[in-house]
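In what follows, a single structure is set out as structure tokens and then discussed.
Values quoted throughout were computed directly from the atomic coordinates according to the rules given, and no laboratory measurement underlies them. A quick note: this is a predicted structure, and the numbers were derived from the prediction, not measured. Note: ideal-geometry Cβ built from the backbone for every residue, glycine included; neighbour counts use all protein chains shown.
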Amino acid sequence: MIIDSHFHLIRKKNIDAETYARLGLKMPEDTPLDKLVGWMKNAGIKKAVAMGQDMSRIWNTTFGEEYLLESVRKYPDFLTGLASAEPLDKANRLNRQTLDYVEKALTEYNLKGVLFTPPYGQYYSNDKTIYPFYELIESKQAVCQYHHSAQMGPAILAPTKYANMFLLNDVIIDFPNMKIVVEHIGYPWSEHLFILMANDENVYTDLAMMYDRPIKTVWSLVLAKEYGVIDRVMFATDYVCFNYDVFSSNPTDDYKRWITFVETGINGICIKSGWPTFSADEIEGILWRNANRLYQLT
């Protein structure tokens with residue numbers, strides 16, 4: 001079994017063309033949901049965790065929460081949804097309207113967690129102004145997911161000072177029972193993340209966007225095993241749009257390549273490098289078992 005623990009749904013109408021043009025970014029096209037689900041299934045993915053991405057505070061852009069809700073209703077046996085939120089408004093106040101939406105998302109819409117992207121929203125994850133969001137998430141036993149990693153590309157897109165890994169130390173101390181996912185193995189601060197994971201069994205991570213950095217990725221996994229947290233690393237695609245960023249015109253091929261990397265490529269690099277290899281159980285954990293335990297999908 002394969003579980004994609006992190007991908008995005010977008011509608012072009014929710015992307016602010018003026019902001020993207022000012023930053024010199026390519027506009028993504030609409031995600032064709034039925035085709036996307038077909039691509040995933042053809043690659044052997046059995047379940048997937050979907051989310052939008054709220055970037056309204058700085059970027060005037062959301063990926064489209066209404067599309068997310070439509071999609072999880074249409075494919076309830078395949079898709080599990082996470083809400084996304086900008087916890088601060090443009091005046092740096094608690095975003096109460098979004099907090100109300102998140103409460104509905106977790107209680108009425110059956111979503112399983114919330115995505116925050118501090119570098120894109122340019123706020124600190126340990127800002128106590130946003131703690132009501134964490135209080136809500138923890139009380140609902142939901143998942144708090146972060147893009148808390150560096151942005152590959154112009155620094156203005158997501159300033160790295162907002163992704164300092166140790167900002168999360170305050171969060172895990174103040175919310176010890178909150179389940180947390182830090183995307184992209186905390187790139188490039190993976191070892192810092194593993195320290196946090198070793199300190200708190202509720203912290204998970206994923207491999208999204210890491211497959212084309214094979215040496216860095218495999219060495220990070222060796223360290224994750226050394227720290228005793230390999231059982232909380234999950235496969236993820238970070239799909240956004242076909243023919244966009246790292247995605248080709250045939251996402252099924254992309255998925256298969258990344259799955260094969262986990263199945264055999266990781267140990268191949270370990271053997272060549274003289275590093276410890278991974279057991280079949282550890283590989284299965286990455287591919288689906290760890291995400292299944294977190295989200296209780298089967």
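Across all directions, the average flat footprint of the convex hull enclosing the Cα atoms of region 1-51 is 4.1 nm².
The magnitude of the dipole of region 1-123, with charges of +1 and -1 set on the Cβ of Lys/Arg and Asp/Glu and taken from the Cα centre, is near 200 debye. Using a simple charge model, +1 on the beta-carbon of Lys and Arg, -1 on the beta-carbon of Asp and Glu, nothing else, what dipole does the chain show about its Cα centre, in debye to the nearest 20? About 360 debye.
By the count of other C-beta atoms within 10 Å, a proxy for reagent exposure, PHE235, PHE247 are ordered fewest to most as PHE247, PHE235.
Using the Cβ-Cβ distance between THR129 and GLU226 with R0 = 30 Å, the FRET efficiency computed as 1/(1 + (r/R0)^6) comes to roughly 0.25. Judged by the ratio a/c of the largest to the smallest principal axis of the C-alpha gyration tensor, region 164-228 counts as prolate, that ratio being 1.5 or greater while a/b is larger than b/c.
What the phi angles of region 117-130 give under the Karplus curve with 6.51, -1.76 and 1.60, with θ = phi - 60°, is a coupling list of 10, x, x, 6, x, 6, 9, 9, 5, 9, 5, 5, 4, 8 Hz, glycine and proline written as x.
For region 150-262, the mean projected area of the C-alpha convex hull, equal to one quarter of the hull surface, is 7.4 nm².
For ASN110, no residue has an amide H sitting under 5 Å from its own, ignoring neighbours fewer than 5 places away on the same chain, with H placed 1.01 Å from N. If we count every other residue with Cβ under 15 angstrom of TRP39's Cβ, Lys/Arg +1 and Asp/Glu -1, where does the sum land? Here the count lands on -1. The ranking of LEU23, LEU94 from fewest to most other beta carbons within 10 Å of each one's beta carbon is LEU23, LEU94.
Only lysines eight or more places from LYS128 in sequence, or on another chain, were considered; those with a Cα closer than 20 Å are LYS90, LYS140, LYS161, LYS179. Extension gain, ASP170 to SER279, is 35.9 nm, computed as 0.36 nm per intervening residue step minus the present C-alpha separation. Shape analysis of region 206-298 places it in the oblate category; the axes a ≥ b ≥ c from the Cα gyration tensor give an a/c of at least 1.5, with a/b not above b/c.
Sequentially through region 136-145, phi angles give Karplus couplings (6.51, -1.76, 1.60; θ = phi - 60°) of 5, 4, 5, 5, 8, 6, 9, 9, 9, 10 Hz, Gly and Pro residues having no value and appearing as x.
Using alpha carbons only, how many angstrom separate the centre of region 1-46 from the centre of region 189-232? Their Cα centres are 25 Å away from one another.
Using only alpha carbons, region 87-150 has a radius of gyration to Kirkwood radius ratio (Rg to Rh) of 0.95. With kT/(6 pi eta Rh) evaluated at 4 °C and eta = 1.567 mPa s, and Rh the Kirkwood radius from Cα pairs, region 2-295 diffuses with a coefficient of 68 µm²/s according to Stokes-Einstein. A simple packing score, the average count of other Cβ atoms within 10 Å per residue, orders the peptides 154-163, 57-66 as 57-66, 154-163, with the highest score first.
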